[in-house]
Amino acid sequence: MGERCQVDFYLLGSPALDAGRLACKLAMMAWERGHRVSIVSRDRSHLAELDEMMWASPEGRFLPHEPGPGTAAPVELLTEPPGEEGDVVINLTERPLPPPLPWNRLLEIVPHRPADREASREKFRHYRAGGLEPRAHDIN
C-alpha cells in the first residue's frame, strides 16, 4: 500500500451525469490497469443498482464484480469501507471514510445537485484536516 492515500474528487458538471455510471467507468479504468477496486455505497439497495449497472456499463463491456468483502472478483461492492486489502476505493456515501486511509487511492464522486455538493465539501474539508491534499477534477 502507498504510504499516503491519494484522494481525488470528481465533480459532475451536469444533472445528466450519473455518479453510478462514473463509478463504473472509473472502476473499469482501474481494473484494466491491474488494480483491485472496492466501491462503498450507502445501502444494499444502492449496491443492487450498481450490481445491475455493472453488467453493461460502460456500454458493451462487463466489469467483473461481486457484492461483499473479500471476494475473488477484482471489483467488490460494499456498504462499509474495506480493510487494508483495498487498492482503489470509490466512496459513494455522503460521509467521509474514517482514518486511517490505508489504500493507494480514494475516489469521491461529487453529484451535481447543490445539496449533495455540500456533503462533498464537508468530506473535502475532512480529508484536508487529516493532512491529505485532495485534488478536484471537473467531469463534463
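One line per residue, one yes/no per condition, for (1) touching a His at 6+ places or on another chain (Cβ under 9 Å); (2) of a type in the set (Asp, Glu):
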site	(1), (2)
ALA56	no, no
PHE62	no, no
GLU66	no, yes
THR71	yes, no
GLU76	yes, yes
GLY83	no, no
ARG113	no, no
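Of the residues in the range 80-123, how many are among the aromatic types (Phe, Trp, Tyr) and under 15 Å from LEU12 (Cα atoms)? Give the steps one after another, and end with the answer.
Looking only at the range 80-123, we keep the residues that are among the aromatic types (Phe, Trp, Tyr), and these are 103.
Now narrow it down to the ones that are under 15 Å from LEU12 (Cα atoms): none.
Summing the residues that are among the aromatic types (Phe, Trp, Tyr) and under 15 Å from LEU12 (Cα atoms) in the range 80-123 gives 0.
Considering every residue within the range 89-107, establish whether at least one is among the basic types (Lys, Arg) and at pLDDT below 90. It would help to see each step written out before you state the result.
Kept after step one, since they are among the basic types (Lys, Arg), are these residues of the range 89-107: 95, 105.
Remaining after also requiring at pLDDT below 90: none.
No, because not a single residue in the range 89-107 is among the basic types (Lys, Arg) and at pLDDT below 90.
In the set LEU101, LEU50, only one residue is within 25 Å of ALA129 (Cβ to Cβ), among the hydrophobic types (A, V, I, L, M, F, W, C) and touching a Cys at 6+ places or on another chain (Cβ under 8 Å); that residue is LEU101. Exactly one of (1) at pLDDT 90 or above; (2) touching a Lys or Arg at 6+ places or on another chain (Cβ under 6 Å); (3) surrounded by fewer than 16 Cβ atoms within 10 Å (Cβ to Cβ) is unmet by PRO58. Its number? All conditions pass for PRO58, except number (1). Within the range 105-123, does at least one residue satisfy the condition of being exposed (fewer than 12 other Cβ atoms within 10 Å of the Cβ) and of a type in the set (Gly, Ala, Ser)? Yes, that holds for at least one residue. For the range 4-30, the candidate set comprises residues that are assigned to a loop (DSSP other than H, G, I, E, B) and in contact with a strand residue (DSSP E or B) (Cβ under 6 Å, 6 or more places away or on another chain); within that set, the residue that is surrounded by the fewest Cβ atoms within 10 Å (Cβ to Cβ) is GLY13.
The values are calculated or read from the model by the stated rules, or taken from the named source; none is laboratory data. Small disclaimer: the values here were computed from a predicted structure and weren't measured. So basically every Cβ, Gly included, is an ideal-geometry build from the backbone, and we count neighbours across all protein chains shown.
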